[in-house]
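Here's the structure we're looking at; comments come further down.
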Amino acid sequence: MVFNVTFKKHAFLKIPILILLIYRNYLFLLVPKQILNRFKMQKLVWVLLLVSFSIVGCKSEKASEAKVEKASSFLVFDGDIKEDRKAYTTLNLDDTCPNLLDPRISKDDIANINEAWLDLNQNLGAYLSKNEFSWNTSGPNVKVWHKFYFHKDGALKAYLFKVQDKEVTKEARASYKALMLEFSKTYQLPLTKESTFAQCGKGVFEL
């Protein structure tokens, strides 16, 4: 076997380079074939494992990014604020998100829909209590008419609310609105559908 190597500059590198070239070309003659095959197989396994971990990591990252994107796009509208009502109306959410609590729409699935609605209101009440939210009113409870809009996987998409108790101040409603934005980041309705949907009704918050 002939090596044709030309050194125009840096002659001091000649010997190390020649050693590397000889080592590369004669390695397969010096090492038994079975050992080399085993080495190649182990190397292949490690490469495949690294590729697998990379794929799983990418999928997990994409799933997390999708979840964050949904949460950051969640919209809350206060029915007592003119600007909010106008913004809500322009979205025409009811055109693409049917109210599943309507038995004419849900039909045989109404039991599961009601169960999901109960889960939503219980979790919301517990979240408000955990964050020590106060409506700052003297009544025994506060009634809120609200409508929730969901992505098809049950993640919150938008929310419209109107507080029935006139004692509740604008500041208290603003605090409630801010908490709803946070609530949307962690809560997901235990219900999935083939398209976006809604649920609406009256919630009663005990004081």
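The values are calculated or read from the model by the stated rules, or taken from the named source; none is laboratory data. Only a predicted model underlies this, so the values are computations on that prediction, with no experimental measurement involved. FYI the Cβ positions are ideal-geometry reconstructions off the backbone, even for glycines, and counts take in every protein chain you see.
Tabulated results
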{"read-out": "Residue in the stretch 159-178 that is assigned by TED's automatic domain parsing to the domain that holds LYS82, in contact with a Cys (Cβ under 7 Å, 6 or more places away or on another chain) and modelled with pLDDT of 95 or more present", "value": "no"}
{"read-out": "Set ALA178, ALA111: member being of a type in the set (Gly, Ala, Ser) and under 21 Å from LEU100 (Cα atoms)", "value": "ALA111"}
{"read-out": "Selection count, the stretch 119-141, where residues are in a loop (DSSP other than H, G, I, E, B) and of a type in the set (D, E, K, R)", "value": "1"}
{"read-out": "Only one of LYS193, LYS177 that is among the basic types (Lys, Arg) and in contact with a Leu (Cβ under 8 Å, 6 or more places away or on another chain)", "value": "LYS193"}
{"read-out": "Set LYS107, LYS130, LYS86, LYS143: member being farther than 22 Å from ALA178 by Cα, assigned by TED's automatic domain parsing to the domain that holds LYS185 and out of contact with any His (no Cβ under 7 Å at 6 or more places or on another chain)", "value": "LYS107"}
{"read-out": "Selection status of ILE81, crowded, with 17+ Cβ neighbours inside 10 Å and at pLDDT 95 or above", "value": "no"}
{"read-out": "Test for ALA172: is it buried (at least 17 other Cβ atoms within 10 Å of the Cβ) and either of a type in the set (Ser, Thr, Tyr) or under 25 Å from ASN136 (Cβ atoms) (or both)", "value": "yes"}
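Residues checked against (1) under 19 Å from TYR88 (Cα atoms); (2) touching a Phe, Trp or Tyr at 6+ places or on another chain (Cβ under 9 Å):
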{"residue": "LEU128", "(1), (2)": "no, yes"}
{"residue": "LEU156", "(1), (2)": "yes, yes"}
{"residue": "LYS170", "(1), (2)": "yes, no"}
{"residue": "ALA174", "(1), (2)": "yes, no"}
{"residue": "ALA178", "(1), (2)": "yes, no"}
{"residue": "LEU181", "(1), (2)": "yes, yes"}
{"residue": "LYS193", "(1), (2)": "no, yes"}
